[in-house]
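Participant: Quick one: the structure is below, and I'll ask about it shortly.
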Number of protein chains: 2
Amino acid sequence: MKPLTHPSIEDVTVEGLLHALSDPVRAAIYAGIAAADGALSCSSFLQVCDRAIPKSTLSQHFRALREAGLIRSERHGVEMRNTTRCAEIQQRFPGLIAAILSAHSVQAAERAKAARRKPAAAKSRTGVG
Amino acid sequence: MKPLTHPSIEDVTVEGLLHALSDPVRAAIYAGIAAADGALSCSSFLQVCDRAIPKSTLSQHFRALREAGLIRSERHGVEMRNTTRCAEIQQRFPGLIAAILSAHSVQAAERAKAARRKPAAAKSRTGVG
DNA sequence: TCTATAGTTCGTAAGTTACGAACTACCGAA
DNA sequence: TTCGGTAGTTCGTAACTTACGAACTATAGA
């Protein structure tokens, strides 16, 4: 088990951030962490989340977010505490994260609305926002 | 040769936009189109761009941008006129595109600065912004 | 030490991407 | 019309990435 690696804020790239957040599961995880007022663990995300996601897949998603520089993870006893690095990213790329989260929530709202109209066709929801 | 397909603005997704712009070449193309005050063709992008990109690859990138809903392409004689769909996207996801382009340009500026300090280590530039 | 919980790593199958070669589409000249 | 050139697309393949189950490591408590 390698020690957790976090890029320094100067090594964070826009491509990396966008790629990390272009996956609906990762966007949902990130939004979950941002919303959780302290920190969020993998397993508590699973409880919150509507879909069943395999542990290994979830672990890779958390790693992707961590390596993109979006979150900071630290072991705390048996579980992992994940917190966002919003403040640092906001300083380097002002408005970026806020705009993305806001766009995701606009979309989640639209999808929820569409699902209310025709519930049978409710396929892939992001759960972001 | 299939007729060009453009998603309607309601079918544009945040994931799709982020994924499309998470590639440095596509981000550079998009920034080029946004900057070009009328429209930009594949070949004129190649002239502007600092790297040599194979035609087929470039074609796929333009298609990716088109299918993500970021640009509108129309044949005009022998060449393609590509324009951005900023206005529509701005309406649906306010601030998103602006924040991304601005972040890319922050990063491009940093890279240019770093390259000036030690020109030998200048590796991958985005050319965005 | 034994058991349970939380998360990681590995191997593999499935999906995506990049690129050259061959193609289609359009224009202008002969 | 036919020829030749330019602009862009499609196809096939090799390289890369991703998802998931099985097996693993790490920590806590009985």
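Participant: List every residue pair whose Cβ atoms sit under 7 Å apart, with the two residues 6 or more apart in sequence or on different chains, where the first one lies in region A:31-46 and is within 10 Å of DNA strand C (Cβ to nearest atom) and the second, anywhere, is β-branched (Val, Ile, Thr).
Facilitator: Cβ pairs passing all conditions: A:Ala39/A:Thr83; A:Leu40/A:Ile33; A:Phe45/A:Ile29; A:Leu46/A:Ile53.
Participant: Among the residues of region B:85-100, which ones are facing another protein chain (nearest Cβ under 10 Å) and either closer than 13 Å to B:Ser8 by Cα or touching a helix residue (DSSP H, G or I) at 6+ places or on another chain (Cβ under 7 Å) (or both)?
Facilitator: Correct list: B:Ile89, B:Arg92, B:Phe93, B:Gly95, B:Leu96, B:Ile97, B:Ala99, B:Ile100.
Participant: If you scan region A:40-85, which residues turn out to be among the basic types (Lys, Arg), under 12 Å from the mean Cα position of the chain (by Cα) and more than 17 Å from A:Lys2 (Cβ to Cβ)? Give the derivation first.
Facilitator: Initially, region A:40-85 is screened for residues among the basic types (Lys, Arg), giving A:51, A:55, A:63, A:66, A:72, A:75, A:81, A:85.
This time we only want the ones that are under 12 Å from the mean Cα position of the chain (by Cα), so: A:63, A:66, A:72, A:85.
Hit for region A:40-85 is A:Arg85, nothing else.
Participant: Can you tell me how many residues in region B:1-15 are within 18 Å of B:Thr83 (Cα to Cα) and surrounded by fewer than 20 Cβ atoms within 10 Å (Cβ to Cβ)? Before the answer, list the steps.
Facilitator: Initially, region B:1-15 is screened for residues within 18 Å of B:Thr83 (Cα to Cα), giving B:3-9, B:12.
Remaining after also requiring surrounded by fewer than 20 Cβ atoms within 10 Å (Cβ to Cβ): B:3-9.
Of the residues in region B:1-15, 7 are within 18 Å of B:Thr83 (Cα to Cα) and surrounded by fewer than 20 Cβ atoms within 10 Å (Cβ to Cβ).
Participant: Identify, by number, the condition in (1) within 14 Å of chain B (Cβ to nearest Cβ); (2) touching a helix residue (DSSP H, G or I) at 6+ places or on another chain (Cβ under 8 Å); (3) more than 30 Å from B:Ala109 (Cβ to Cβ) that A:Asn82 doesn't meet.
Facilitator: Checking A:Asn82 against (1) within 14 Å of chain B (Cβ to nearest Cβ); (2) touching a helix residue (DSSP H, G or I) at 6+ places or on another chain (Cβ under 8 Å); (3) more than 30 Å from B:Ala109 (Cβ to Cβ), the one that fails is (1).
Participant: I need the full set of residues from region B:47-72 which are modelled with pLDDT of 95 or more, acidic (Asp, Glu) and more than 11 Å from DNA strand D (Cβ to nearest atom), in order please. So that I can check it myself, show each step before the final result.
Facilitator: Pass one, region B:47-72, residues modelled with pLDDT of 95 or more: B:53-72.
With the extra rule that they be acidic (Asp, Glu), the set shrinks to B:67.
Within region B:47-72, none qualify.
Participant: Can you tell me which residue in region A:1-30 is farthest from the chain's Cα centre (by Cα), limited to those that are near DNA strand D (Cβ under 10 Å from one of its atoms) and within 20 Å of B:Ile97 (Cβ to Cβ)? Before the answer, list the steps.
Facilitator: Filtering region A:1-30 down to residues near DNA strand D (Cβ under 10 Å from one of its atoms) leaves A:1-3, A:19-20, A:22-26.
Filter again for within 20 Å of B:Ile97 (Cβ to Cβ), leaving A:19-20, A:22-24.
Values: A:His19: 12, A:Ala20: 8, A:Ser22: 10, A:Asp23: 9, A:Pro24: 8 Å.
Only one residue fits best here, namely A:His19.
Participant: Related question: Criterion first (within 12 Å of DNA strand D (Cβ to nearest atom) and closer than 30 Å to B:Ala109 by Cα) does A:Ala87 satisfy it? First the steps, then the outcome.
Facilitator: Numbers: within 12 Å of DNA strand D (Cβ to nearest atom): no; closer than 30 Å to B:Ala109 by Cα: yes.
No: the conditions fail for A:Ala87.
Participant: Looking at (1) farther than 23 Å from B:Phe93 by Cα; (2) among the polar types (S, T, N, Q); (3) at pLDDT 95 or above, find the lone condition where B:Ser22 falls short.
Facilitator: Single failed check for B:Ser22: (1).
Participant: So B:Arg26 ticks every box in (1) within 14 Å of another protein chain (Cβ to nearest Cβ); (2) out of contact with any His (no Cβ under 6 Å at 6 or more places or on another chain) but one. Which box is left unticked?
Facilitator: B:Arg26 satisfies all of (1) within 14 Å of another protein chain (Cβ to nearest Cβ); (2) out of contact with any His (no Cβ under 6 Å at 6 or more places or on another chain) except (2).
Participant: Out of (1) modelled with pLDDT of 95 or more; (2) within 12 Å of DNA strand C (Cβ to nearest atom), what's the single condition that is false for B:Leu17?
Facilitator: Condition not satisfied by B:Leu17: (2).
Participant: State whether one or more residues within region B:105-119 are more than 22 Å from A:Leu18 (Cβ to Cβ) and not in a helix (DSSP H, G or I).
Facilitator: Yes - at least one qualifying residue is present in region B:105-119.
The values are calculated or read from the model by the stated rules, or taken from the named source; none is laboratory data. The structure displayed is predicted, hence computed values, not measured ones. Glycine gets a Cβ as well: all are built from the backbone with ideal geometry, and neighbour counts include every protein chain shown.
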